[in-house]
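This report concerns only the one structure given below.
The values are calculated or read from the model by the stated rules, or taken from the named source; none is laboratory data. Model, not experiment: these values are computed from the prediction. Please note: Cβ atoms are built from the backbone with ideal geometry, for glycine as well, and neighbour counts cover all protein chains shown. These area figures cover heavy atoms from the full protein model, side chains too; ligands, DNA and RNA do not enter into them. Shrake-Rupley method; radii C 1.70, N 1.55, O 1.52, S 1.80 Å.
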Amino acid sequence: MQFGGGMPNNGHDWDAIIAALRGDERLRVWSVIITVFGDAIVPRGGRISLQALQEILGRLGIEPGAVRTALSRLASEGWVIREREGRRSFYSLDRSGRHAFDVATQRIYAPGPPQWDGRWTVVVPILGDDVAGPELEASGFASRNGTWIRPETSSAPGLPTGLENYLVIAGQPGVSPSDAYRFWDLDSIGEAVAVFVTALQPLISALDSGARPDPLDAIALRTLLIHGWRRIILKAYPLPVALLPPNWPGLEGRGRVKAVYEELIDPSEAWLTGAGLPPLSNPEKFSARFGGTNAKA
């Protein structure tokens, strides 16, 4: 990836590039909407008009009726709030929806694997009833033969509740085998990253050639970029470098996502400004995504 400067080049086949990044799988409209909110709308105050949201998703081939149906579902489930001003409708994330994406954001835009000093937490059910298994798994623990383990990294969440019938050895140093990563199901994650990087290649090639998307294409591409990355990375507990498999593709994948994101920020933010959204509420926090971007936004 070189990504020199360049003016918008609408002679490029952005339709084909968007299609390549979309892939063959049908987009879940409600999930794409959550991506748009978390990535682009929350940093600008958290509210967007229905018209602007439909324009973004319309560039992805999603019909206005499908957007309205998805928003109705999200509203009924407590994810978004609808407000009317005259004939216009505006939507914002509800408190629960914003909290869910705030937690996810730390993993989506992390600069890389978390820091680790070799400490582990081990959790063993002492009565043979592993009732907290789902909560432990959601907190990053992996299990073999009833014993749950997790490296205590800089990004590890707190222990789940309901561990009264478990033996918990928390935050203790330990010696791990070179293939400790096999406790976690990383093969499918690695394959998904490889497929995603391949789908990114037409966009990377276009940017390398000096082509730049116009603002609407940029916000659409940025949405697909983060949506695809989000769906992969949130399925993988963030392990430290010392515990990753050899040649782990997630490291290269994150680097490519960051580089492409940097190229899309300025034109996509220009589109959001033109759509009437307020300025970034915290430019420093926004610019710190992926460990710090080089874009002006």
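Could you tell me the calculated FRET efficiency between Asp187 and Gln106, based on Cβ-Cβ distance and R0 = 35 angstrom, to the nearest 0.05?
On the way: r = 24 Å, r/R0 = 0.70.
Once rounded, the FRET efficiency stands at 0.90.
Amide H contacts of Asp94 (H built 1.01 Å from N, in plane; Pro and chain starts excluded): Val80, Ile81 sit under 5 Å, all sequence-distant by 5 or more or on other chains.
Can you give the calculated 222 nm mean residue ellipticity of the chain, where each DSSP H run of n ≥ 4 adds -39,500 (n - 2.57) and the sum is split over every residue, rounded to the nearest 500 deg cm²/dmol?
Numbers: 10 runs with 131 residues, N = 297.
Computed mean residue ellipticity for the chain: -14000 deg cm²/dmol.
How much length would be gained if the chain were fully extended between Leu234 and Asp15, taking 0.36 nm per residue of separation minus their Cα-Cα distance, in nm to one decimal? Mind dumping the intermediate values first?
Details: separation 219, 0.36 × 219 = 78.84 nm, distance 2.78 nm.
Difference between extended and current length: 76.1 nm.
7 Å from Cα along Cα→Cβ at both Lys285 and Arg47: what's the point-to-point distance in nm? Modelled inter-label distance: 1.8 nm. Label-to-label distance, Ser31 versus Asp94, with points set 7 angstrom from Cα along the beta-carbon direction: 2.1 nm. Computed from Cα atoms, the angle from the helix 64-76 axis to the main principal axis of the chain rounds to 40 degrees. The phi torsions of region 149-158, fed into the Karplus equation with coefficients 6.51, -1.76 and 1.60 and a -60° offset, translate into couplings of 9, 7, x, 8, 8, 5, 10, 5, x, x Hz, rounded to whole numbers, with Gly and Pro shown as x.
Listed values [x] 24; [y] 15; [z] 30 include one computed from this model; for percent of Cα pairs over 36 Å apart that value carries the label [x]. Between helix 95-108 and the chain there is an angle of about 80 degrees, using the helix long axis and the longest principal axis of the Cα atoms. In order along region 32-48, the phi-based Karplus estimate (6.51 cos²θ - 1.76 cosθ + 1.60, θ = phi - 60°) of 3J(HN,Hα) comes to 5, 4, 4, 4, 4, 4, x, 7, 10, 8, 4, x, 10, x, x, 10, 9 Hz; Gly and Pro are listed as x.
For region 205-254, the carbon plus sulfur part of the accessible surface works out to 57%, probe radius 1.4 Å.
On a 1.4 Å probe surface of the protein chains, which of His99, His227 comes out largest in accessible area, and what is the full order? Don't jump to the answer; show the numbers that get you there.
Details: His99 120, His227 10 Å².
Final ranking, largest accessible area leading: His99, His227.
Could you check how much of the accessible area of region 93-142 is carbon and sulfur, as a whole percent, using a 1.4 Å probe?
53 percent
Each label point was placed 7 Å from the Cα along the Cα-to-Cβ direction; for Gln201 and Ser155 their separation is 2.7 nm.
Per-residue Karplus couplings for region 165-170, computed as 6.51 cos²θ - 1.76 cosθ + 1.60 with θ equal to phi - 60°, are listed in order as 9, 10, 8, 10, 10, 9 Hz, Gly and Pro entered as x.
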